[in-house]
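Remarks on the structure that follows.
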Amino acid sequence: MMTGLFISELERTFKRKKTAAVLAVYAGLLAFIWFFFQRGGISFFDADHDVKIDSLNSAPLLLRDLSFAITFIVIPMFVADSFNGEYTSGALRMVLIRPHHRVKLFFVKWAVQCLLVFIILCITWLVGTCLGRMVMPHVNETTFLGGQTLGTVGALLYSLKFYGICFCIFIAVISIGSILSVLMPNSILSYVATIGALIGSMYVSDKLSFFFSVTDSVFHELSRPNSEFLVNLLFPILLISLIINLFVWKKKEWVG
């Protein structure tokens, strides 16, 4: 039953014109940024630290230039379309007519959104890693923020950890966006509310600035020894947002 729901949600997701449009825009941005990426040869860990792009650091630096689009365009549009667009269009009512448990349906929709972002990150990592080795200046070691000098294997592990933490932050963005998408009366307001929540988080606490500047925050966290960012901040936010999601999802009158 769960597998059937998942496949059905995947089919509905990829049949939407918005999904194809957003993916096409992201692919265009990826190609556009890579073009200037290799021509410029310089990128940034944050606003205060520039760095020369080389064959070992290209993947994290490429995501830095694309993370804003993922956070403020790709995820909010995907989530608003899935959680709110189907409700306002009546498509979700057709799904809920069948004997599907609401909690299962929520987790299926949430998992599909996570899968979409995971695929986008995998493609970005592959482009940054492979083209970086082929096009960017070849080096045997590279230095990341905080003075960490790593060889080929160390830089690869750093890159994977960097993408992994970014993925966890994007999951939290998906979870927050899904709450707002369920509460808002239409998908446009859902999108705007998600953007507003992400920007507003900076004014709530400096510790939440990672929602606005994802990769800059991750570079800083990885520069600190024994950082407990995931355990102390990100995972609790993710857990709380999922609990709120489940409560709102169960209380919402979808078919009435």
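The values are calculated or read from the model by the stated rules, or taken from the named source; none is laboratory data. Everything quoted here is computed from the prediction, not taken from an experiment. Note: ideal-geometry Cβ built from the backbone for every residue, glycine included; neighbour counts use all protein chains shown. For accessibility, only protein heavy atoms count, side chains too; no ligands or nucleic acids. Shrake-Rupley method; radii C 1.70, N 1.55, O 1.52, S 1.80 Å.
Within the accessible surface of the chain, defined with a 1.4 Å probe on protein heavy atoms only, the carbon and sulfur portion equals 68 percent. Our coupling estimate for segment 138-143, obtained by passing each phi through the Karplus curve with A = 6.51, B = -1.76, C = 1.60 and θ = phi - 60°, is 6, 9, 9, 8, 9, 10 Hz, Gly and Pro reported as x.
A straight Cα-to-Cα reach below 24 Å connects Lys109 with the lysines Lys15, Lys17, Lys18, Lys250, Lys251, Lys252, residues fewer than 8 places away in its own chain not being considered. Accessible surface comparison of His138, His101, His49, probe 1.4 Å, protein chains only, largest first: the order is His138, His101, His49.
Using a Gaussian network model of the chain in which every pair of alpha carbons under 10 angstrom is joined by a spring, one finds that among Leu157, Leu56, Leu242 the greatest mean-square fluctuation is at Leu157. Residues in the chain average 49 Å² of solvent-accessible surface per residue, probe 1.4 Å, ligands and nucleic acids excluded.
GNM remark for the chain: springs join alpha carbons under 10 Å apart, and the peak mean-square fluctuation among Asn186, Asn232, Asn57 falls on Asn232. Taking a ≥ b ≥ c as the square roots of the eigenvalues of the Cα gyration tensor, the chain is prolate, since a/c reaches 1.5 or more and a/b is larger than b/c. Across segment 173-188, coupling constants 3J(HN,Hα) worked out from phi with the 6.51/-1.76/1.60 Karplus curve, θ = phi - 60°, read 5, 4, 5, 5, x, 5, 4, 5, 5, 6, 7, 7, x, 8, 5, 5 Hz, and Gly and Pro carry x. Around the amide H of Val139, modelled in the peptide plane, lie the amide H atoms of Ser55, Leu56, all under 5 Å away and 5 or more residues distant in sequence or on another chain. Prolate is the label for segment 119-256. Its Cα gyration tensor axes, ordered a ≥ b ≥ c, give a/c of at least 1.5 and a/b above b/c.
With the helix formula -39500 (n - 2.57) applied to DSSP H stretches of n ≥ 4, the chain reaches a computed 222 nm mean residue ellipticity of -23000 deg cm²/dmol.
Among Phe37, Phe170, Phe78, the residue with the largest mean-square fluctuation in a Gaussian network model of the chain, with springs joining Cα atoms closer than 10 Å, is Phe37. With R₀ set to 22 Å, the beta-carbon distance separating Leu189 from Val248 gives a calculated FRET efficiency near 0.90. Of Leu62, Leu239, Leu156, the order by accessible heavy-atom surface (1.4 Å probe, DNA, RNA and ligands excluded), from most exposed downward, is Leu239, Leu156, Leu62. If you take the charge dipole of segment 175-256 about its Cα centre, with +1 on Lys and Arg Cβ and -1 on Asp and Glu Cβ, which of Pro185, His220, Ile195 is farthest toward its positive end? Of the options given, the answer is Pro185. Computed from the Cα positions only, the extents of segment 151-192 along the three principal axes stand at 51, 13, 8 Å, in decreasing order.
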